[in-house]
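Every number in this text was worked out from the coordinates using simple rules, so none of it is lab data. Just so we're clear, the structure is a prediction, and the values are computed from it rather than from any experiment. Glycine also receives a Cβ, built like all others from the backbone with ideal geometry; neighbour counts cover every protein chain displayed.
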Amino acid sequence: MNRAAGIHRARRGEIAAPARLLLYVLLIVTALAVAMPFVIMLFTSFKIRSEVFTFPPLLIPQTWTTDNYVLLWSRLPFAKLVRNSLIYSFSITLASLLFDSMCAYALARLNFRGRNVMFIAILATMMVPAQVTLVPLFFNLFEIGWINTFQGLIVPRMTSAFGIFLLRQFFVSIPIDLEDAARIDGAGEFRIYWQIVLPLSGPAIATVFIFHFMYNWNDFLWPLIITMTQEMRTLPTGLALFMGDHNIEYGLLMAGATLAALPLIIAFLFAQRYFVAGIALTGTKE
Amino acid sequence: MAQAHMPAGAGRTRRPLVSAQARAAWLFMAPSLLLLIAFVVIPIFQAAWMALHDWELADLNPAFIGVKNFVDLMDDGRFWNALRNTAVYAVGVVPGQILLALFFAVVLNLRLRGRVFFRGLFFLPVLVSFAVEAIVWRYLLDPDIGFVAYYSRLAGLPHIQWLRDPDYAMTAVILISIWRWFGFNLVILLAGLQGISQSYYEAAEVDGANNVQQFWQITLPLLRPSLLFALVNAVIAALQAFDQIYVLTRGGPMFSTETIVAYIYRQGFTNFDMGYASAAALVLFLLIFVVTIAQLRLLRYQEVP
């Protein structure tokens, strides 16, 4: 019986050779369509100016140059853009991870009256599209002089209902024995959270970390609205606005785009499963 | 609930612990709750308040005008144009990305060499800022020196100015957005497929069902929660489209790609007409709410077989 099932399983998903060939053709064609823009971006970033503007366009540069990567730092305040993106993404991610996990810990592991109501109320805030609060937030930050500042960019983003939700789902599934034992030994709640629950939650923390970092590194509308000068822009907003003013500086723009894309692509190569876990989790748990 | 994991008879002695836990719980939640109240809850009410005023930035004494902003919106041809553009965008981009994702999720769930490679590659556009990708696409679509113009000429296709042609700009935006988003849905659907127990398929094979029958009778019904999530999520994202449009076209040419959020941005942050922008944002909220509820109802989220 077991063996029969095993044979079935082995056969399942096997497909005939002609169909397999067709599927590979489709996969490869689609893969090329997906990858080509990035390949062209990369190659163009190493082209000299005249080769950027030849028609028909060259895929691979005939004369390789790193000029675009050098000029970026003087033609744009590129160092500022990188710095701002790093400060913006890392401080939001770390603050949000701390506050989200604290809140999730309370919702998942502590008994108190109104716990379910609070959980539902936090979920409910996710229903409201960010565009609704954008105008009042801008107005409030304007009133207290936080427009075009790091605190204006960062503080409103220091917690995320979505992060709370994901971490809470994970914390609920941790066995309770360890925690009870620690509690009987007289450990305080913060110690239990910090020394027992967090260390057991490595994968969940990594998943939410990557989720927050990817979201904020790539974010566009919020930094576009809150920053006013090129010195305060992040990479996506700074590059997009540079393009608005210098429409055809394609060599420079492709070099900037490559550098903006690189950190997450590298992170993905090393931690693919956490990226996938974060997305998959959102899809299956709700 | 509170005593679920306590040994019998221990309730009395452990009782004070519960209130200590309650105090700890509120302290643990305090940072998140304060932030959410200050930066989400209060601004929602402010948006409603602002929408009832003629409110310019730095206006010391905004005039209360009741529902006039909403009445004006209903009379605003450019707002209706934005609604129509958003609907066209959603109708193009949602089925496009979901069907493509479903197809490749099923394919990558088969025993094929290189499935992890292809999944990773299809996910690549999700990793990079859409605004940055839009910069690359503007280069590719440049009618004078771009790769798209060159290769479509080689293939004998008509020369289209894509982003500069009001008849084609939205098509370009939709295709680029499908390119960007289908890998995201692919990962959701693939996770859903991998959660379906093999035993269903084994039973179906014993009954002599072929692959197509298995897809309709087993895969689709059991994939419904993931599919519905992907769908609802894609629709919400489509109704909020902004980043790629700002970079690709700024809503043009001739307002042909101006979506609701692009219009809110223009009113709120270019014209600083904050009351009017808030009213438009609330209409968007209502629209998203109604469309989401309608999808959940129509597709019966609760009834999972």
Normalise the Debye intensity by I(0) for segment B:11-68, one equal point scatterer per Cα, no solvent, then take log10 at q = 0.14, 0.25, 0.26 Å⁻¹ and round to two decimals.
-0.60, -0.96, -0.98
In nanometres, the difference between 0.36 nm per residue of separation and the alpha-carbon distance of B:W49 and B:A294 is 85.4 nm
Both in Å, the radius of gyration and Dmax of the C-alpha trace of chain B are 25.3, 84
Contour minus Cα-Cα distance for A:A16 and A:W194 (0.36 nm per residue)
58.7 nm
So, in nm, how far is label A:L86 from label B:R23 when the simple model puts each one 7 Å beyond its Cα toward the Cβ?
4.3 nm
Highest GNM mean-square fluctuation among B:A241, B:A230, B:A22, for chain B with Cα springs under 10 Å, belongs to B:A22
Along principal axes, Cα extents of the protein assembly as shown, largest first, whole Å:
84, 77, 49
In deg cm²/dmol, rounded to the nearest 500, the helical mean residue ellipticity at 222 nm of chain B, built from -39500 (n - 2.57) for every DSSP H run of length 4 or more, is -21500 deg cm²/dmol
Can you compute the modelled spin-label distance between B:L34 and B:Q198, with each label point 7 Å from Cα toward Cβ, in nm?
5.4 nm
Quote the charge dipole size of segment B:76-298 about the Cα centre in Debye, to the nearest 20; the model charges only the Cβ of Lys and Arg (+1) and of Asp and Glu (-1).
200 debye
Using alpha-carbon pairs under 8 Å, 6+ residues apart, how would you state the relative contact order of segment A:72-285 in percent?
34 percent
Around A:N68: net Lys/Arg minus Asp/Glu count, Cβ-Cβ under 10 Å:
+1
Expressed in Å to one decimal, the Kirkwood Rh of segment B:72-229 from all distinct alpha-carbon pairs is 18.5 Å
Inter-label distance for A:I266 and A:T66, nm, one decimal - labels placed 7 Å from Cα along Cα-to-Cβ:
1.4 nm
In chain B, which helices (entire DSSP H runs) extend 24 Å or more along their own long axis, judged by Cα positions, while averaging at least 1.0 on the Kyte-Doolittle scale?
B:77-108, B:169-194, B:220-239, B:274-298
Within the under-12-Å Cβ sphere about A:V34, not counting A:V34, Lys/Arg +1 and Asp/Glu -1 give a net charge of +1
Mean Kyte-Doolittle of at least -0.5 and a Cα length of 27 Å or more along the axis: which whole DSSP H helices of chain A meet both?
A:17-44, A:78-109, A:250-285
Extension gain B:A237-B:L287, at 0.36 nm per residue separation less the Cα-Cα distance, in nm?
16.8 nm
What longest region of chain B stays clear of trypsin sites (Lys or Arg not before Pro) that DSSP places outside H, G, I, E and B and that have at most 13 other Cβ atoms within 10 Å?
B:114-299
Sum up the charges of everything whose Cβ sits under 11 Å from the Cβ of B:Y265, counting Lys and Arg as +1 and Asp and Glu as -1, but leave B:Y265 out.
0
Most fluctuating of B:S32, B:S226, B:S19 in the GNM of chain B (C-alpha, under 10 Å) is B:S19
Could you identify which residue out of B:V94, B:V206, B:V126 has the top mean-square fluctuation in a GNM of chain B using Cα springs shorter than 10 Å?
B:V206
